[in-house]
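Each reported figure results from applying straightforward, stated rules to the coordinates on display, with no laboratory input. Everything numeric here is computed off the predicted structure, so don't read it as measured data. Every residue, glycine among them, receives a Cβ derived from its backbone with ideal geometry; neighbour counts consider all protein chains shown.
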Amino acid sequence: MKSEAYLFAGVAVFFLVTDVAYIWFAREPVGIAALGVSFLMASVIAFFSMVNHRRKGSRPEDRSDAEIQERGGRIDFFPPHSRHPVVTAAGATLVANGIVYGDWLILMGLGVLGLGIFGLVFQYGGRESE
């Protein structure tokens, strides 16, 4: 995670320098806000990556002498089939359409989106098969 932390720290510095230059030359609030938010998002990822590196130590990917077998084995459990991603996508679509057509559609979309996310999170309840 160390290399990712340095990469995103560099991206954050780039956005900060660009934002300062944009403030100096353009003085346009929307671009200033967009570059400022970009700086903050890159900073959050850099901070997260550095904290994970300090907490968990180096990974095999961080070493130049690492072997492929060091990262082998089981990674995680991924559900073979699920209807919850489709429900989540439908909810997000309803929310996006609700921005155009009205608040009532946003409320319906948030309900469907909540059901989809709830289903994704608690689909197997810690078990690896159903």
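A few comments on the model shown:
- Estimated 222 nm signal from helices in the chain, with DSSP H stretches of n ≥ 4 weighted -39500 (n - 2.57), rounded to 500: -24000 deg cm²/dmol
- Taking S38, S82, S58 as the candidate residues, the one with maximal mean-square fluctuation in a Gaussian network model of the chain, Cα springs under 10 Å, is S82.
- For the chain, size of Cβ-based charge dipole, Lys and Arg +1, Asp and Glu -1, in debye: 240
- Fully extending the segment from S82 to W24, taken as 0.36 nm per residue of separation minus the present Cα-Cα distance, adds 15.8 nm.
- Local electrostatic count, T18, Cβ distance below 15 Å [Lys/Arg +1, Asp/Glu -1]: -1
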